[in-house]
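Below is one structure, written out as structure tokens; the observations come after it.
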């Protein structure tokens, strides 16, 4: 595996690829390589302490087992041709991804306090590859939640669409959603710079993002002003995409293509902003 080496080291750029001069190394390939190195480093942390993922799975499990089952019995929320438990399962998956990714920025503050951030900034890796690598690692973490939610949904009798294409699209949407919210979290961390402020803002944002989306009820049931807010909520498009491919009979209200464009475009914009702000957290 290629290691990040501080700038100025005599081997810092010469060993990017074996037997190939650094100046002839394709910048695009270099960017991709550095991105995956950062993602790998982040995923290694998960392998050393996977308990966080188990604890993060408790809350969405309770939503499915209690909230979903109770409202499925009452039939209080009209969900078209879907049973309520089928309707809510994609929303709970999106919620699980949100709750994991929205607090991802606190790791950046810890890295600054431990001196790791300065090593990253002194490495040959570009700021964009650092931010994108962290976003991808958040996507990998979110995939474990996808497995847990699928398992629980299967036990509860949710009519899951098991076609390979559907599973692939669900995975893509989960990675995009986690990348968006983790980068959004990183930007907040760069602005507030302290763990206490960050945790306060993170807790303030999670519930409004969740309830101002179509995760647990259709947008048509919302008052007009909340419908407008929901249309600007990226979680709405994530849930809509998941619902259209994750369950049998699921329908996209806004269109799967638009959902993917919104998530990809919003994530790209945030990564660009995050790359500009990332060095500022060190000061």
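Only the coordinates and a few stated rules stand behind these numbers; no lab work does. The structure presented is a predicted model; accordingly, all values stated were derived computationally and were not measured. Heads up, the Cβs are rebuilt from the backbone with ideal geometry, glycines too, and the neighbour counts pull from every protein chain shown.
Computed over the chain, the per-residue total of -39500 (n - 2.57) for DSSP H runs of n ≥ 4 gives a 222 nm mean residue ellipticity of -22500 deg cm²/dmol, rounded to 500.
Between segment 124-202 and segment 220-283, what is the separation of their alpha carbon centroids in Å? Measuring centre to centre over Cα atoms gives 12 Å. Does segment 24-282 classify as rounded, prolate or oblate by the C-alpha gyration tensor (a ≥ b ≥ c root eigenvalues; a/c under 1.5 gives rounded; else a/b over b/c gives prolate, otherwise oblate)? It is prolate, given that a/c is not under 1.5 and a/b is the larger ratio. With label points built 7 Å along Cα→Cβ from the Cα atoms of residue 140 and residue 32, find their separation and express it in nm. About 1.7 nm separates the two model spin labels. Let me know the shape class of segment 152-245, please: from the alpha-carbon gyration tensor, a ≥ b ≥ c as square roots of the eigenvalues, rounded when a/c is under 1.5, otherwise prolate if a/b is greater than b/c, or oblate. The shape class here is oblate. FRET efficiency for the pair residue 168 and residue 283, taken as 1/(1 + (r/R0)^6) with r the Cβ-Cβ distance and R0 = 35 Å, rounds to 0.25.
For 281, 272, the sequence from fewest to most other C-beta atoms within 10 Å is 272, 281. Given R0 = 22 Å, the distance between the Cβ atoms of residue 69 and residue 206 translates into a calculated FRET efficiency of 0.45.
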